[in-house]
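The values are calculated or read from the model by the stated rules, or taken from the named source; none is laboratory data. Since the structure is predicted, the reported quantities are computational estimates derived from the model, not experimental observations. Positions of Cβ are backbone-derived with ideal geometry, glycine not excepted, and every protein chain shown enters the neighbour counts. We work out accessible area using only protein heavy atoms, side chains counted, and drop any ligands, DNA or RNA first. Shrake-Rupley method; radii C 1.70, N 1.55, O 1.52, S 1.80 Å.
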Amino acid sequence: MEIVGQIQRLTSAAIEQAYAKTVAPAQVVVNSTRNDMPGDFTVVTFALSKLLGDRPDAIAEKVGAALLSGADAVERYEVVKGFLNLSLSSGFWRKLIIEAAADDTFGLAPKSGLKTVVEFASPNTNKPLHLGHIRNILLGDSAARILEAAGREVVRVQIVNDRGIAICKSMLAWQRSGGGETPASAGLKGDHFVGKYYVAFEQHFREEYAAWQAMKIGQQTLSGVSAKEGEDPAQVFKNTYFNEYSELGQAAREMLLAWEANDPQVRALWERMNGWVYEGFDATYDQLGVRFDRLYHESDTYLLGKDMVADGLARGVFFRKDDGSVWVDLSDQGLDQKIVLRADGTSVYLTQDLGTAHQRYEDLGMDAMIYTVADEQNYHFEVLFKTLKLLGEPYADRLAHLSYGMIELTSGKMKSREGTVVDADELLAEVIAEARANADDRAEQAGASPEERAKSAEQVGLAAIKYYILKVGPKRRMIFDPKESIDLQGATGPYIQYSYVRARGVSVKAAEEGREATAARASDYTTLQPAERELVKHLLTLPQVVSEAAETLDPSLVASYAYNLAKGYHRFWHDHSVLSAESSEARAFRVMLSGAVAKTLRTAMHLLGIDLPERM
């Protein structure tokens, strides 16, 4: 049941009556009426003028009259500057809300038969998850849920970045200074444990670099470094030092080469330490309530794509430069030339991403694929998508990049190797503890068991952080303020949870008193109050919100919808009695409306990955 669709169908029938011409419902443009104008919905008659051969104001008048005479749904209409503003009848609103209350699938589209792959998370195995990962994970998970609600079959995947020099840094640090320590003996989650050694490597490297700078060779070398005004020559030279002078750098590179050569000892250490990290990641994923249907590992995919490059080279899609490297020329598409294979035959990231996309198509046969990656990679995905199209991949026109702005601390960017990150697990624990402290002050918790209190606090805390992140449009960058994130008042997840508890409580109490709402009794309520009409109108727009959020990959639309529905219910609750309403018909309708609000809030918040408690 979808209200805009119903108005489109009614208007289409009215056009047939007024003009004896057929206009498909999909051709009728219907918008919510502006707040400063009368009416509930507006039919844009300008779009019909050419089809019907009449002026917009004349169309509005004729179609409005036909709707008024032939449809119980419309109680009056206004023609405003050629637009047709429709005011819907109380009977129509009442009918729709009774249908919605009885429909367990309200807001969800029928299955389309289309399969979409959503990639998200994709962390490195040299450090624990941090706030930046949390935004990625929540956006990807919510996008997957929204696409499912829009009728897609969704396959959740991640590619784990489990190889490379950064991984070898953690391994080398543990090998040299770990002394056989394990996550269990250290009392740390596996990802935190490995991340500790990644930071330790960087600390040792800084010490080594500082000592080298104090030596004569270091001073002589740095004196010849070309640096811009205000730049520190030592910082400019840091990567060169790591690659050409550093003993630690050399040892890390040798370990990477040994890994690529399948050295059994290095591989065994790699598998052991990655295993610790995966256990840690899984614990965080479980707490966040996210799952993956398929895992890909960079250690398996980093060689993929070479055959595609060879094929593209043979077909003239790519070209080879004098040094032997292979490139794709996208200059005619507003980009530039991009390397796809180095002169020594080794892959670049684009190479493996080409191969991984093709492999997923062979594995999963998807119709579309969405990459959840920060906006720092916008250019990379433009290149990837255009290159796949040049190669003739059958899914190339159905790829999307869910690009999102980075999260920064109030003190600046986060740096994992320096330990200046908002740790995901610590953040979750902090917010849940704050939720527990707030709950202990409320009378509603008086009869709850310790287990119930703990579960409720976790639900409220997770709602706080999830909603805080998802209510911001993905493309916007965020400045993360830990204090603001644990504010449980205002436009927050806990506020919406409280609205749900209140609305749900009405149905529970009515049932306890033996006064459950019935459709027959609710149908006898003839005159909806303005607050009720507005609440019903907003509630019934969920299908459009889900559709738009799926189209734009923007969970913030659902977050905004849920908050406005919760706010509308609070306003309704304040202005009107429910269980002690002025008549049994009003009580039945309002109990049913409260139940519909609770169910709809549960659906909307589920699309954000947020659970709703039965008490707070």
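Looking only at the range 168-203, how many residues end up being at negative phi, open to solvent by 60 Å² or more (accessible area, probe 1.4 Å) and either free of Cβ contacts under 8 Å to residues at least 40 places away in the same chain or part of a helix (DSSP H, G or I) (or both)?
The total comes to 8.
Which one of the conditions (1) small (G, A, S); (2) farther than 21 Å from I407 by Cβ; (3) assigned to a helix (DSSP H, G or I); (4) touching a Ser or Thr at 6+ places or on another chain (Cβ under 7 Å) does A101 fail to meet, given that it meets all the rest?
All conditions are met except number (4).
Where residues in the range 312-350 are of a type in the set (S, T, Y) and touching a residue at least 12 places away in the same chain (Cβ under 8 Å), which of them is most open to solvent (accessible area, probe 1.4 Å)?
The selected residue is Y349.
Among the residues of the range 121-156, write down those that are among the β-branched types (V, I, T), under 24 Å from D425 (Cβ atoms) and within 14 Å of the chain's Cα centre (by Cα).
Result: I134, I137.
Tally up the residues in the range 60-77 that are part of a strand (DSSP E or B) and open to solvent by 70 Å² or more (accessible area, probe 1.4 Å), please.
2
Which of the residues spanning the range 388-408 are out of contact with any helix residue (DSSP H, G or I) (no Cβ under 6 Å at 6 or more places or on another chain) and closer than 10 Å to A357 by Cβ?
Passing the criteria: only E393.
V28: open to solvent by less than 10 Å² (accessible area, probe 1.4 Å), in contact with a strand residue (DSSP E or B) (Cβ under 8 Å, 6 or more places away or on another chain) and either within 26 Å of A150 (Cβ to Cβ) or in contact (Cβ under 8 Å) with a residue 12 or more places away in the chain (or both), yes or no?
Criteria met by V28.
With the condition kept exactly as written, say whether any residue in the range 240-259 is modelled with pLDDT of 95 or more, of a type in the set (G, A, S) and assigned to a loop (DSSP other than H, G, I, E, B).
Yes, the range 240-259 has at least one match.
Looking at (1) under 17 Å from the mean Cα position of the chain (by Cα); (2) modelled with pLDDT under 95; (3) on the phi > 0 side of the Ramachandran plot, find the lone condition where G164 falls short.
Result: G164 passes all but (1).
Taking the range 1-25 on its own, how many of its residues are open to solvent by less than 30 Å² (accessible area, probe 1.4 Å) and either outside any loop (DSSP other than H, G, I, E, B) or of a type in the set (G, A, S) (or both)?
Matching residues across the range 1-25 total 8.
Which of (1) open to solvent by 10 Å² or more (accessible area, probe 1.4 Å); (2) without any contact (Cβ under 8 Å) to a residue 40 or more places away in the chain is the odd one out, the single condition E382 does not satisfy?
(2)
Tell me which residues, restricted to the range 102-147, are of a type in the set (A, V, I, L, M), touching a helix residue (DSSP H, G or I) at 6+ places or on another chain (Cβ under 6 Å) and open to solvent by 30 Å² or more (accessible area, probe 1.4 Å).
Within the range 102-147, L108 is the sole residue that qualifies.
Inside the range 38-59, can you point out the residues that are surrounded by fewer than 18 Cβ atoms within 10 Å (Cβ to Cβ) and either assigned to a helix (DSSP H, G or I) or in contact with a strand residue (DSSP E or B) (Cβ under 6 Å, 6 or more places away or on another chain) (or both)?
Within the range 38-59, P38, F46, A47, S49, K50, L51, D57, A58 meet the criteria.
Which ranges mark the strands (runs of 3 or more DSSP E) fully within the range 312-393 that have 1 or more residues being of a type in the set (S, T, N, Q)?
337-341, 368-374
Taking only the range 204-237 into account, find how many residues are within 30 Å of W174 (Cβ to Cβ), open to solvent by less than 60 Å² (accessible area, probe 1.4 Å), part of a helix (DSSP H, G or I) and touching a residue at least 12 places away in the same chain (Cβ under 8 Å).
6
State whether the residues of the range 84-91 include one that is farther than 30 Å from K21 by Cα and not in a helix (DSSP H, G or I).
Within the range 84-91 (the criterion being farther than 30 Å from K21 by Cα and not in a helix (DSSP H, G or I)), the answer is no, since none of the residues qualifies.
So is D307 touching a strand residue (DSSP E or B) at 6+ places or on another chain (Cβ under 9 Å), under 30 Å from N126 (Cβ atoms) and surrounded by fewer than 14 Cβ atoms within 10 Å (Cβ to Cβ) or not?
When the stated conditions are applied, D307 does not pass them.
Residues of the range 338-368 being at pLDDT 95 or above and among the acidic types (D, E), which ones?
D353, E362, D363, D367
Answer yes or no: is there a residue in the range 583-604 that is in a loop (DSSP other than H, G, I, E, B), over 22 Å from Y468 (Cβ atoms), among the hydroxyl-bearing types (S, T, Y) and at pLDDT below 95.
Looking through the range 583-604, at least one residue is in a loop (DSSP other than H, G, I, E, B), over 22 Å from Y468 (Cβ atoms), among the hydroxyl-bearing types (S, T, Y) and at pLDDT below 95.
Here are the criteria: (1) open to solvent by 50 Å² or more (accessible area, probe 1.4 Å); (2) over 16 Å from M592 (Cβ atoms). Tell me which single one T518 does not satisfy.
All conditions are met except number (2).
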